[in-house]
1. How much length would be gained if the chain were fully extended between residue 71 and residue 165, taking 0.36 nm per residue of separation minus their Cα-Cα distance, in nm to one decimal?
2. Over 27 Å between C-alpha atoms is what I'm after, so list which of 61/116; 56/134; 14/134; 73/134 land there.
3. What distance in nm separates the two pseudo spin-label positions at residue 64 and residue 134, each 7 Å out from Cα along the beta-carbon direction?
4. Pick the calculated Kirkwood radius over Cα pairs in Å for this structure from [x] 19.2; [y] 18.5; [z] 16.0?
5. How far apart, in nanometres, would the label points at residue 104 and residue 6 be if each is projected 7 angstrom from Cα along the Cα-to-Cβ direction?
6. Aspartates and glutamates near residue 156 by alpha-carbon distance under 12 Å, same-chain residues fewer than 8 away left out - which ones?
7. Select from the chain the helices, each a whole stretch of DSSP H, whose alpha-carbon atoms run 18 Å or more along the helix axis and whose Kyte-Doolittle mean is at least 0.0; answer none if there are none.
8. Per residue, how many Å² of accessible area does the chain show with a 1.4 Å probe?
Amino acid sequence: MTQAEELSFQHIYKMYRLPLHRYLARRTGNDSEAADLAQETFVRMYEKRVQPETAKAWLFKTGYHLFVDQWRKKRRALHVPLESIPDMPVSDGSPEGEAAIAELRLEISRALGELKARDRQVLLLLANRGMTYKEIADQFGVSENAIKTLVHRARKRMRELMEAR
């Protein structure tokens with residue numbers, strides 16, 4: 001990179017670092033993730049030697065695409081299969097007991113299927129994976145209190161769905 005290109009990059013960096021960071025922070029809701037995405041965006045800009053005339057649009061477009069990629073990866077990583085229903089009471093071994101347990105599992109599975117994906121994931125992470133509220137909050141990139149509220153609402157909705165059955 002020539003000295004003129006280097007100076008141009010430094011100027012663009014100084015000019016757009018904070019606006020890009022604020023933009024990404026609004027998208028992610030997390031200052032640390034926004035800083036990482038902004039850094040990656042500027043690294044890519046440096047490597048591709050983007051022209052100064054198109055830098056602003058390129059930075060925000062690339063930053064947005066990096067955010068979407070990160071969001072998709074998180075979403076895939078958080079996927080919990082519906083089959084992982086919490087352990088149920090064990091039947092007494094009688095055919096009636098086995099049938100009752102099978103029916104209860106089916107009803108729970110259907111109720112879980114009616115929940116919003118995020119509610120279902122939070123309940124299953126809490127019940128099956130034994131994760132703490134803090135760990136789940138870190139996974140979702142939200143506060144612990146937000147997860148507690150989400151769990152409360154998801155449990156309430158689950159009760160409503162089960163009672164309706």
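1. So the chain would gain 30.3 nm between residue 71 and residue 165.
2. 61/116; 56/134; 14/134
3. Label at residue 64, label at residue 134, 3.7 nm between them.
4. Recomputing Kirkwood radius over Cα pairs in Å here picks out [x].
5. Those two pseudo-labels are separated by 7.1 nm.
6. Answer for residue 156, where 12 Å is the Cα cut-off: 119, listed by chain and number.
7. Membrane-span-like by this criterion, though nothing is claimed about a membrane: none.
8. Here the residues of the chain average 66 Å² of exposed surface.
The values are calculated or read from the model by the stated rules, or taken from the named source; none is laboratory data. Keep in mind that what you see is a predicted model, and the values were worked out from it rather than measured. All Cβ positions, glycine included, derive from the backbone under ideal geometry; neighbour counts span all protein chains shown. What goes into the accessible areas is simple: the full protein's heavy atoms, side chains included, and nothing from ligands, DNA or RNA. Shrake-Rupley method; radii C 1.70, N 1.55, O 1.52, S 1.80 Å.
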